[in-house]
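Reading through the C-alpha cells given below for one structure.
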Amino acid sequence: MRIPQILWILALMFMIPGVNAASVQDSFPDVTFKAFNQFVNANFDDKISLATVLMVLFTMTDNTDLFNLHARQKHPTCDGEYASNTTRWIKSLAHRIKAQLQGNTKILFTKFQLTQCTKEDDIITSLASKLDVLAVLDLTPYDSHGTFQNKLHPVSYNAIQSVKTICPASFECEDTECEPRGLLQATKIRDILTVKLIKGTSIYYNVAVLSGKCSKCKSIYYADHESVMKSNDNSVRVYLNTAQYLKIGREIWVDRVFSNAVIGGMYSFHASAAAYTDFWNDAYGNADSTNGLRITRRHIWKAFIQESTRSIALESKLHLELDNNIPINEVTTQAFSILGEGGRIRPADGHACSECTQPFSAVPEYIPQQDPAAVVGVDENGIVPPLAIQDPASENNSNNIEPSAIANNYANDVDADYAPVKMVVLDGIVMGPTHCAYDDCTDDLGNARGGVFCPHHEIIYGATCRICDCTAQNVPPTEACQAHQKEWSKYSQNHSRQNLAGVRRMLQRPGENMPWEPATRGNAQPHDEESTEHQRKHYFSPARFYCVETICAPCGTVIAWTKFDKSESPTNILNFLEDIYPTEESRPDYICIDKACLLLRSSIANGSWDMWSKTSRFIVDSYHYINHRTEDYICRKWCNPAPLNGSAPNLVVIAYDRQGNPYYKRAYNTQACEQLNSWLGGFESILKRMTPGNFNWFLHVMLFYHTKYVLAKQKAKRSKKTDIDDDSDDI
C-alpha cells in the first residue's frame, strides 16, 4: 500500500511536538519522501496507521544518543570488539516500541515476516533490524563507507514545525438573541496580527491571531473572549472560561498550562509577579539564543488575572462580563465585586468532613473530671489551677449565659436524630492595603502612588494642611501650613530612606535589641482585651486596613474572609459572623476564636446573644484557654474548648492508640485558623504593596486555590483509605 503524500505532509505539520531549542542541534533527517515511503511499504503491514509510523519515526529522532551508541558498536575499531546490526542498544529500543503498542506488533511486520517470527526474541530482533535499516537513511554518524563523520546531536524540529493560529473556539454565533449563524473571518488578510505564543515552556513565533464576526448581531468572537453588542450600542467583554489561549500582552499569548503554572508558582512558593518573571526569563526565556523572549512583570500579573478570573467564574458557573477596554486594575476590582461573593469561598459551600463535623452525642462517654475548667490534653491526671482573680461582676453576668445553647443546644430526648455537630474557627492576621486617610472613609486612594485621600476628599482637603482639624492652606512643596512645619519636618525625617532602612531591619529581626534600644519594643494586645483605636493626628500618609479576618473549618477549608479597618473588635467580628451566617440553619454549633470570652461579653451587652444562643456557643482555642482560664471566670466556665467534666460531649471524643488503649482527644483542631494565617503571612510582603482592588482579588484567589488544594488532599486521603479498606476485605 502506498500512503498518499499529503498524509505525510499533514502528519509532519500537525503531529510533531514543540520543543525548546538546544545549544547544538542537527537538522531534521534529510530523507526523501520516496525513500521513506518505500521503506514503509516494504517493511510494515499494509494496514499500519499513520500514527504508528510517525511514532516509530519520532522515537528514532528523539533518541539520537542511543543511535550513537548503536552505530559505534556496529563499527568496531579495537581488539575484542565485534560488529552487530542488532545490538542490545537497538533491541532495547525495539522492546520499548513493542510495549508502547501494547502487544499489537503485527502491524510492524509484513505477512511473510510474521511467519518467520515465532518467538518473542525473534520479534524483538526483527524489529531491531528494521530500526537499524531506517537509521541508515539519515540517523547514523557514519557514512556509507563506514567512515565516522560527526556525532549525532538532538534533532531540531524547526523544519517541520506546524503553522499555528489563534482563533475562536466557537464556529457559530452563540448569542441567545441571535441566530446560530456561521462566523465570518473579521480581519482582512493584510491586517492579520502575528504574535508570540507560549505553550507550556515552548515559544512559537509569527502565530496568526484571527477573530470571527456574526453578520447579524455584529458580535465579535476572539480566542479568549467575546465582544457582545448590547441594546444601547455599547459592547461588553465576555471572558470565556474554556479558552485555550489567553492574551497577556500586545504581542504575547499563552496557553492555559502557562497561566496555571503562574498561579501554581505564586501559591506554592509565595512568589510575587516579579519573582516569577525572573524565574521564567532565566529558565526559559533565554533558552533560544537566536530569538529569545523576555516577559515582564505586567505579563505575569495579567496571566494571573486572566487565569484566576476564569477559574473562579467556572466554579461559580458563569462567564465574567465586564465593559470593554477597562484598565487591568479595574478588572480586579470589578471581578471581586462580581465573583468575590463578599469574601465567601465557593468551593467550601456545604463542606463537611470527619475533621470539621462530628456525630451528635447527647450523653458524654466520660466524666474523668468534675471541674468545668478541666481541659483535654492537660488535666486528665492533674489538678486544675484555681481561679486567681475573683470577679463578682463576671459571675453575675454568667447567669445571663444559661441558654439552651450552652446546655449543648439540644433537647433532653437522647434518642432523637440530630444533625452532625459542626465547628468553625476564626482568627485575624495583621495586614491590609491602604485606603483614604480621612476619618471613617475606606474608599480607594485617588492616587495609589503617593496619594493619601480618595478622589472625593482630595478635592476637599487636597490643598489644605494635613494636620487634623487644621483648615489653613499648605505651603508647597510641603503638606503642612506654616504653623505646622515642625510636624511635617519630623514626619519627613522619620520616613526618609535612611530611617526606613533601620525600621526594615527591626521588622526583619524582631528579636534583636541594640544597646541603645529599650528592652522591649511594645506589648502585644492580649486576646481578651478590647481593641483600642488610635486617633490620627495628621493625614501625611494614607490609612491602612488593620487586619484580615478568616473563617475556616477545623480541617483547614477556608469558608470566608474579610478586612477590618481599625481593629479586630468584637463588634466587627459579630457583624462578620452575622453576614456569613444570616440564618439559624446556616450557623455552626461551635465558633472558636481566641477572643471568645470577650465576644461573649459583647454579645450579651448588645443583645445579639439572644440570637446566637439558639444555635451556637463561643469557645476559646486550646492555647489561649490554658493561659486565660485562671484569670477570667466567664472564659473558665463557658469557653472551654474541650471540657473533661462531660458538659460538652461533642467537643471530646475517645480515641485509641496503636496498642488499643483508649485516651481522650479533642474532637476539633482549634488551631486551624492560626495555621492558615501562618501560611497566609508569607504573602504579606506582596500584599502590602497592592491597591485595595488588587489586594482583594489576589487574597481571594490564594484562599480559593488553597481551599481547592485542601479539598483535593482530603479526597485523595479518603480514596486511599477506601482502597486500604477494600484490600482488607479481600484478605
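A few notes on this one:
- Considering residues of region 208-219 that are surrounded by fewer than 19 Cβ atoms within 10 Å (Cβ to Cβ) and among the hydrophobic types (A, V, I, L, M, F, W, C) only, the residue farthest from A159 (Cα to Cα): C217
- Of all residues in region 268-290 being under 19 Å from the mean Cα position of the chain (by Cα) and open to solvent by 30 Å² or more (accessible area, probe 1.4 Å), the one that is farthest from F704 (Cα to Cα): F279
- Note on region 484-506: among residues that are at pLDDT below 60 and of a type in the set (K, R), the one that is nearest to the chain's Cα centre (by Cα) is R504.
- Any hit, region 179-199, residues being assigned to a strand (DSSP E or B) and within 21 Å of D323 (Cβ to Cβ): no
- Of the criteria (1) in contact with a strand residue (DSSP E or B) (Cβ under 8 Å, 6 or more places away or on another chain); (2) free of Cβ contacts under 8 Å to residues at least 60 places away in the same chain, which one K98 fails: (1)
- Residue list for region 540-565, filter: within 22 Å of G340 (Cβ to Cβ) and outside any strand (DSSP E or B): F545, Y546, A553, G556, T557, D565
- Residue within region 522-529 that is modelled with pLDDT of 65 or more, crowded, with 17+ Cβ neighbours inside 10 Å and acidic (D, E) present: no
- Residues that are of a type in the set (A, V, I, L, M, F, W, C) and open to solvent by 50 Å² or more (accessible area, probe 1.4 Å), drawn from region 52-76: L69
- Residue in region 324-346 that is closer than 23 Å to A261 by Cα and of a type in the set (D, E, K, R) present: yes
- Yes/no for G103 being on the phi > 0 side of the Ramachandran plot and not charged (D, E, K, R): yes
- Of all the residues in region 254-265, those that are under 10 Å from A303 (Cβ atoms) and open to solvent by less than 40 Å² (accessible area, probe 1.4 Å) number 5.
- Condition met for K130 (surrounded by 19 or more Cβ atoms within 10 Å (Cβ to Cβ) and basic (K, R)): yes
- Number of the condition not met by E172 [criteria: (1) open to solvent by 60 Å² or more (accessible area, probe 1.4 Å); (2) at pLDDT 85 or above; (3) over 30 Å from W280 (Cα atoms); (4) more than 36 Å from the chain's Cα centre (by Cα)]: (4)
Here's the yes/no breakdown for (1) buried (at least 19 other Cβ atoms within 10 Å of the Cβ); (2) of a type in the set (A, V, I, L, M); (3) in contact with a Gly (Cβ under 8 Å, 6 or more places away or on another chain); (4) at negative phi:
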residue: R310; (1), (2), (3), (4): yes, no, no, yes
residue: L314; (1), (2), (3), (4): no, yes, no, yes
residue: L320; (1), (2), (3), (4): yes, yes, no, yes
residue: N325; (1), (2), (3), (4): no, no, no, no
residue: T332; (1), (2), (3), (4): yes, no, yes, yes
residue: F336; (1), (2), (3), (4): yes, no, yes, yes
residue: G340; (1), (2), (3), (4): yes, no, no, yes
residue: A348; (1), (2), (3), (4): yes, yes, no, yes
residue: C353; (1), (2), (3), (4): no, no, no, yes
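- Hits in region 77-106 (condition: open to solvent by 70 Å² or more (accessible area, probe 1.4 Å) and within 24 Å of N41 (Cβ to Cβ)): N85, Q100, N104, K106
Matching residues to (1) open to solvent by 50 Å² or more (accessible area, probe 1.4 Å); (2) without any contact (Cβ under 8 Å) to a residue 60 or more places away in the chain; (3) over 37 Å from the mean Cα position of the chain (by Cα):
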| residue | (1), (2), (3) |
| --- | --- |
| L108 | no, no, yes |
| E120 | yes, yes, yes |
| I124 | no, yes, yes |
| Y157 | no, no, no |
| S162 | no, no, no |
| G182 | no, yes, yes |
| T187 | no, yes, no |
| L193 | yes, yes, no |
| Y205 | yes, no, no |
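- Selection status of P582, surrounded by fewer than 19 Cβ atoms within 10 Å (Cβ to Cβ) and of a type outside the set (A, V, I, L, M, F, W, C): yes
- When region 684-731 is filtered for residues that are at pLDDT below 90 and acidic (D, E), the ones remaining, listed by number, are D723, D725, D726, D727, D729, D730.
- Residues in region 291-300 that are under 27 Å from H319 (Cβ atoms) and open to solvent by 30 Å² or more (accessible area, probe 1.4 Å): 2 in all.
- T242 in contact (Cβ under 8 Å) with a residue 24 or more places away in the chain, of a type in the set (V, I, T) and open to solvent by 70 Å² or more (accessible area, probe 1.4 Å): yes
- For region 626-634, the criterion of being open to solvent by 10 Å² or more (accessible area, probe 1.4 Å), at negative phi and modelled with pLDDT of 85 or more is met by no residue.
- Checklist (1) of a type outside the set (F, W, Y); (2) at pLDDT below 90; (3) farther than 17 Å from I123 by Cβ applied to N85, failing item: (3)
- Exclusive hit being open to solvent by 70 Å² or more (accessible area, probe 1.4 Å) and closer than 21 Å to I551 by Cα, set Y656, Y709: Y709
- Subset of region 137-155 [open to solvent by 50 Å² or more (accessible area, probe 1.4 Å) and either farther than 26 Å from Y205 by Cα or assigned to a helix (DSSP H, G or I) (or both)]: L137, D138, D143, S144, H145, T147, F148, Q149, N150, K151
- Any hit, region 223-235, residues being closer than 22 Å to L318 by Cα, open to solvent by 70 Å² or more (accessible area, probe 1.4 Å) and of a type in the set (S, T, Y): yes
This table checks each residue for (1) in contact with an Asp or Glu (Cβ under 8 Å, 6 or more places away or on another chain); (2) open to solvent by 20 Å² or more (accessible area, probe 1.4 Å).
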| residue | (1), (2) |
| --- | --- |
| V558 | no, no |
| S567 | yes, no |
| C592 | yes, no |
| A605 | no, yes |
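- Of the residues making up region 37-51, those that are surrounded by fewer than 14 Cβ atoms within 10 Å (Cβ to Cβ) and assigned to a helix (DSSP H, G or I) are Q38, A42, A51.
The values are calculated or read from the model by the stated rules, or taken from the named source; none is laboratory data. These figures come from a predicted structure and were not determined experimentally. Methodologically, a virtual Cβ is constructed for each residue, glycine included, from the backbone with ideal geometry; neighbour enumeration extends over all protein chains shown. What goes into the accessible areas is simple: the full protein's heavy atoms, side chains included, and nothing from ligands, DNA or RNA. Shrake-Rupley method; radii C 1.70, N 1.55, O 1.52, S 1.80 Å.
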